[in-house]
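Each reported figure results from applying straightforward, stated rules to the coordinates on display, with no laboratory input. Quantities reported herein were computed from a predicted structural model and do not represent experimental measurements. Please note: Cβ atoms are built from the backbone with ideal geometry, for glycine as well, and neighbour counts cover all protein chains shown.
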Amino acid sequence: MLIIKLAFRNITHAGLRSWLNVFVLSFAFVMIVMTEGLYDGMLQQVKDAVVDSEIGGGQFWQKDYDPFDPFSIENSHSKIPENLLLEIKKGNASAVLIVTAAIFPRGHVQSAVLKGIDPSQKIVKMPTYLLNDGSDTASIPGIIGSRMAKSTGLHSGDYLSARFKNINGTFDAVDIRIVEVMNTDVQSIDRDQIWIPLKSLQKIYRAPGEATVITLKKDVRYYPSGEPGWTFKNHDYLLKDLNDTVRQKKVTASFMFILLLGMALLAVFDTQVLAIFRRRKEMGTLMALGMTRKKVVLLFTFEGCLLGILALIAGAIYGIPLLAYFAGTGLNVPQVATQAGISIGAVLYPKYSIQLYIITSLILFISVVVVSFLPARRITRLKPTDALRGKMA
Amino acid sequence: MKGSEIIKVHGLIKDYSMGKQSFRALNDVNMSVCSGEFTGLVGPSGSGKTTLLNIIGALDNPTEGDAVVLGKDVNSLSQAEGALLRNESLGFIFQTYNLLPVYTVYENVEFPLLLLKKSKQERNEAVMKALEWVGLTAKAKSKPNQLSGGESQRVAVARAMVKLPKIVLADEPTANLDAANSHNILKMMLKLNEELNTTFIFATHDEKVIAYLKRKVVLSDGKIIDDITLN
């Protein structure tokens, strides 16, 4: 107890030197929590967006469907099983038919995917109700995402022709009128995709009642009963790529974590090393006054530890309101960041958890204890008579 | 007033290794000190007076021989026992004052009492009394860097005396002081010696100090060459 009291007295009396260390440590603490929170928030936000806009509570895929093999799409459609049809009628699921096509924006040929979806569906967050537009019977209404609009130069109200091969292998074409350019954070429902009414696609593709993917409602707990020709894909499967990408990005973040922590620890280590050399006479005096070397080591180690504790307190004092503010208002994400592999919304909301605080605090504290002790243990070899003369043994 | 024998050194030898060679700082030193003495170890630089003082203060161990301080053989004391002896019974005064720079005068004087785990009230009373002895109550809240050399050494004396040690070991206490301050400090120490019967042992070659001593033990090349009782 006395050692803690003395260490506290030494730290508080040392003035600016101590407070600078406390500030550097607390800043590192807050920045580490903030960075980790940003990544956690990004993961959560991207997951939420993908779940809300694309995969819902999971998907049934037609057995031949492979989104990474464009050639598989031609054959990956079949009748919707009765059980799933029932769920669609109950509003618990929504069917999507996928057909490959070629479009001709700005006079160039470009491959695209036509996706048929029920305009009245409420399973995924897309403005599909706009597909009910029947103002022009000569064309089919279509929705594209902002990325698709950018890559094709299409705008709302534009027409485009799509050429495709129907179920019988005959080439056909259709005029699509863009009724909406939607802003979405999810690239996989945007790039190279045109959303049109399901029934229209089924009709022109000559595949009535067929679909490629059936998406379940987010909060529906549907236990598949082995629908023949269809495979259920749960979140673990559907979010695997996303999780892998975020994990990859977290590795990058851990470099930032190590860098920040390293900088802060360097400050403590530097202070401790400096203290051991500058305060040799003080150590000798402490021993002459009746402290054992062990207690002197403890005192200097505790001084470092107290820096860590004060940094955690200071970090909590200014960090919690600051982080809470960012968690509430979010951080604006530059446009370039949305092209960095993960779709992020324009505003990123960091996610902070008690677990994150506790783990970061513990890592910081333990690291501070170690870097405080390492230089201090040199004192165990220090002779009081040498210390009093300002010599290091 | 001379009392019982509290320090006895016998056949004391201290060698320091200097690379491949060794240097003998003390060579067969024999002496004893009784309580209440005001004794000086006198001699030129390198004569071994500080080494002898450090051994008596359990800060260093002899290479050979015995040093018994307050009934304890310093050579056989563990680190903790040596620290306890210094904490409870010995006071130190150094040439460069060795005040703890971030503490106030009050806190510097209070420090030995904190190690002795005295209560706050006991500490307060003792510190104020010690500061009164050295005439520095008005400077209690000052930091060492706000004090003159004389004042700093008075704080060091107060710190050494605050726990009422049996022995005070002073290593060249006036070396950094002017004549007036030296005399003030020495008069104060003499007064404390007489009033509290504290044993003072000086390591010095300062004539001003020597003039106040009641006993002069002269060292040369690590040997005692003279032991004179004065007055």
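Under 8 Å for C-alpha pairs, at least 6 residues apart: give me the relative contact order for region A:235-393, rounded to a whole percent.
Working: 126 pairs, mean separation 64.1, N = 159.
Reported relative contact order: 40 percent.
Where does region A:59-233 land on Rg(C-alpha)/(2.2 N^0.38 Å)? The partial results should precede the final answer.
On the way: Rg = 15.5 Å, N = 175, 2.2 N^0.38 = 15.7 Å.
Cα Rg divided by the expected 2.2 N^0.38 Å: 0.99.
What are the aspartates and glutamates whose alpha-carbon lies under 16 Å from the alpha-carbon of A:LYS90, with same-chain residues fewer than 8 places away excluded?
Straight-distance partners of A:LYS90: A:GLU82, A:ASP118, A:ASP219.
Can you give me the distance in nm between label points at A:LEU85 and A:VAL273, each placed 7 Å from the Cα along the Cα-to-Cβ direction?
Label-label distance for A:LEU85 and A:VAL273, simple model: 7.7 nm.
Less than 12 Å Cβ to Cβ from A:PHE60, Lys/Arg counted +1 and Asp/Glu -1: what total charge do the surrounding residues give?
On the way: positive: A:LYS63, A:LYS233; negative: A:GLU87, A:GLU227.
Net charge around A:PHE60: 0.
Counting only the backbone N, which residues of region A:122-150 are under 19 Å from the spot 7 Å out from the Cα of A:ASP172 toward its beta-carbon?
Correct set: A:137-143.
Which of the peptides B:133-146, B:88-101 is most tightly packed, and how do the rest follow, judged by the mean count of other Cβ atoms within 10 Å per residue? Present the calculation step by step, with values, prior to reporting the outcome.
Numbers: B:133-146: 15.8, B:88-101: 21.9.
Highest mean packing first, the order is B:88-101, B:133-146.
Hey, fewest Cβ within 10 Å first, where do A:TRP61, A:TRP195, A:TRP230 land in order?
Values: A:TRP61 18, A:TRP195 30, A:TRP230 22.
The most exposed by this proxy come first: A:TRP61, A:TRP230, A:TRP195.
Under a cut-off of 20 Å between alpha-carbon atoms, report the lysines in cross-link reach of A:LYS351, not counting same-chain residues fewer than 8 places apart.
A:LYS47, A:LYS249, A:LYS250
Would you mind checking the tilt of helix A:240-278 against the longest principal axis of the Cα atoms of chain A, expressed as 0 to 90 degrees and rounded to 10?
Once rounded, the angle reads 10 degrees.
May I ask you to sort A:ARG381, B:ARG159, B:ARG123 by Cβ crowding, counting other Cβ atoms within 10 Å and putting the fewest first? Kindly include the intermediate steps, with their values, before the conclusion.
On the way: A:ARG381 10, B:ARG159 28, B:ARG123 20.
Going from least to most buried by this count: A:ARG381, B:ARG123, B:ARG159.
Taking every pair of Cα atoms in the protein assembly as shown, average 1/r, invert it to obtain the Kirkwood radius, and report Rg/Rh to two decimals.
Details: Rg = 42.1 Å, Rh = 31.3 Å.
Rounded to two decimals, Rg over Rh is 1.35.
So what's the net charge close to B:VAL69: Lys and Arg +1, Asp and Glu -1, counting the other residues with Cβ under 13 Å from its Cβ? Intermediate results must be reported in sequence, preceding the final value.
Values: positive: B:LYS8, B:LYS72, B:ARG86, B:LYS166; negative: B:GLU5, B:ASP60, B:ASP66, B:ASP73, B:GLU81, B:GLU88.
That works out to -2.
Against the globular-protein guess of 2.2 N^0.38 Å, express the Cα radius of gyration of chain B as a ratio, rounded to two decimals.
Details: Rg = 17.3 Å, N = 231, 2.2 N^0.38 = 17.4 Å.
Normalised Cα radius of gyration, chain B: 0.99.
What does the structure give for A:1-12 when I average, per residue, the other chain Cβ atoms found within 10 Å of the residue Cβ? It would help to have the intermediate numbers written out before the result.
Working: counts 1, 3, 0, 0, 1, 6, 0, 0, 6, 3, 1, 1.
Per residue, the number of nearby Cβ atoms from other chains is 2 on average.
Compute the long axis of helix A:293-329 from its Cα atoms, compare it with the longest principal axis of the Cα atoms of chain A, and write down the angle in degrees, 0 to 90, nearest 10.
30
Please give the Cα centre distance for region A:158-225 versus region A:98-157, rounded to the nearest Å.
Computed from Cα coordinates, the inter-centre distance equals 8 Å.
Using a cut-off of 9 Å between beta-carbons, work out the net charge of the residues near B:ASN193 (Lys and Arg +1, Asp and Glu -1, B:ASN193 not included). Intermediate results must be reported in sequence, preceding the final value.
Values: positive: B:LYS191, B:LYS214; negative: B:GLU37, B:GLU194, B:GLU195.
The answer is -1.
Please compute the modelled spin-label separation between B:GLU81 and A:SER188, points set 7 Å along Cα→Cβ, answer in nm with one decimal.
The modelled label-to-label distance comes out at 7.6 nm.
Only Cα pairs within less than 10 Å get springs; with that Gaussian network setup on chain A, which residue of A:LYS351, A:LYS217, A:LYS203 has the largest fluctuation?
Its mean-square fluctuation being the largest, the pick is A:LYS203.
Do you know the relative contact order of region B:97-231, to the nearest whole percent, from alpha carbon pairs under 8 angstrom that are 6+ apart? Walk me through the numbers before you get to the answer.
Details: 165 pairs, mean separation 29.2, N = 135.
Rounded, it is 22 percent for region B:97-231.
So for region A:92-172, if I pair up every lysine 8 or more residues apart or on another chain, how many of those pairs have alpha-carbons under 22 Å apart?
On the way: A:LYS115/A:LYS125; A:LYS115/A:LYS150; A:LYS115/A:LYS165; A:LYS125/A:LYS150.
Total qualifying Lys-Lys pairs in region A:92-172 comes to 4.
Please report A:PHE277, A:PHE164 as a ranked list, fewest other C-beta atoms within 10 angstrom at the top and most at the bottom.
Values: A:PHE277 12, A:PHE164 21.
Ordered by Cβ neighbours within 10 Å, fewest first: A:PHE277, A:PHE164.
Between helix A:2-13 and chain A, what is the angle of the helix's C-alpha long axis to the longest principal axis, kept within 0 to 90° and rounded to the nearest 10?
It is inclined by approximately 80 degrees.
Placing unit charges on C-beta atoms (Lys and Arg positive, Asp and Glu negative, everything else neutral), compute the dipole magnitude of region A:59-233 about its Cα centre in debye, rounded to 20.
Magnitude of the dipole: close to 240 debye.
Lysines within cross-link reach of A:LYS294: Cα-Cα under 24 Å, excluding same-chain residues under 8 positions apart?
Partners within reach: A:LYS5, A:LYS281, A:LYS383, A:LYS391, B:LYS72, B:LYS117, B:LYS118, B:LYS163.
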